[in-house]
């Protein structure tokens with residue numbers, strides 16, 4: 001006898017399938033039909049859980065956001081770590097997230113998806129703002145502790161680090177993930193951090 005799945009379990013399955021399909025065929029090609037089929041539902045069954053397709057992508061963004069928040073919280077709980085180490089862990093944690101959820105770059109850079117869904121765009125923008133804020137604070141802490149040069153503009157340095165993550169994500173995707181995004185990120189981050197320290 002089959003156990004009936006709860007609405008929450010079904011929603012989680014749909015989010016997981018959306019991430020998988022977005023990685024395999026691209027988010028712009030994911031249809032409600034392919035999603036319903038992937039989780040063993042009819043389209044009307046899918047719409048009972050998600051009345052609009054946009055609701056699915058917003059749930060995907062919320063799920064990704066929750067994963068980011070968990071990683072940030074883990075880093076921030078280690079308040080005794082030197083600020084530079086916290087900064088490194090924030091950046092590497094973001095790269096590990098992309099490695100775990102390779103659909104993230106295609107979701108962030110999908111013009112069609114983001115143009116059609118302003119709430120999704122706002123959700124991703126908010127996540128990036130939160131990431132920028134955390135990076136900026138770690139940079140300021142590193143300056144105040146004497147690890148980083150005092151002439152650095154913390155906001156700009158944070159933007160450089162975000163550009164490092166985004167650039168790597170694009171290169172990793174274009175190169176069909178033939179290199180380790182985490183190891184390459186650690187290598188390039190070490191070069192950047194070296195330039196931020198006192199001479």
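The values are calculated or read from the model by the stated rules, or taken from the named source; none is laboratory data. Note that this is a predicted model, so its numbers are computed, not measured. FYI the Cβ positions are ideal-geometry reconstructions off the backbone, even for glycines, and counts take in every protein chain you see.
Would you call residue 17 surrounded by 19 or more Cβ atoms within 10 Å (Cβ to Cβ) and out of contact with any strand residue (DSSP E or B) (no Cβ under 7 Å at 6 or more places or on another chain)? Outline the logic, then answer.
Details: surrounded by 19 or more Cβ atoms within 10 Å (Cβ to Cβ): yes; out of contact with any strand residue (DSSP E or B) (no Cβ under 7 Å at 6 or more places or on another chain): yes.
Yes: the conditions hold for residue 17.
Of the conditions (1) more than 13 Å from residue 102 (Cα to Cα); (2) buried (at least 18 other Cβ atoms within 10 Å of the Cβ); (3) within 23 Å of the chain's Cα centre (by Cα), residue 148 satisfies every one except a single condition; which number is it?
(3)
Within the stretch 116-145, track down each residue that is surrounded by 15 or more Cβ atoms within 10 Å (Cβ to Cβ), farther than 20 Å from residue 74 by Cβ and under 14 Å from the mean Cα position of the chain (by Cα).
Hits for the stretch 116-145 are 120, 121, 123, 124.
Please verify whether the stretch 102-111 includes one or more residues that are surrounded by 18 or more Cβ atoms within 10 Å (Cβ to Cβ) and touching a strand residue (DSSP E or B) at 6+ places or on another chain (Cβ under 9 Å).
The answer is no, given that none of the residues of the stretch 102-111 is surrounded by 18 or more Cβ atoms within 10 Å (Cβ to Cβ) and touching a strand residue (DSSP E or B) at 6+ places or on another chain (Cβ under 9 Å).
Would you confirm whether or not the stretch 67-76 contains a residue that is under 22 Å from residue 193 (Cα atoms), in contact with a helix residue (DSSP H, G or I) (Cβ under 7 Å, 6 or more places away or on another chain) and modelled with pLDDT under 90?
The answer is yes, given that some residue of the stretch 67-76 is under 22 Å from residue 193 (Cα atoms), in contact with a helix residue (DSSP H, G or I) (Cβ under 7 Å, 6 or more places away or on another chain) and modelled with pLDDT under 90.
Residue by residue through the stretch 76-95, note down the ones that are surrounded by 15 or more Cβ atoms within 10 Å (Cβ to Cβ) and either touching a residue at least 40 places away in the same chain (Cβ under 8 Å) or over 24 Å from residue 191 (Cβ atoms) (or both).
Within the stretch 76-95, the subset surrounded by 15 or more Cβ atoms within 10 Å (Cβ to Cβ) is 76, 81, 83-95.
Residues satisfying the conditions are 76, 83, 84, 86, 87, 88, 90, 91, 92, 94, 95.
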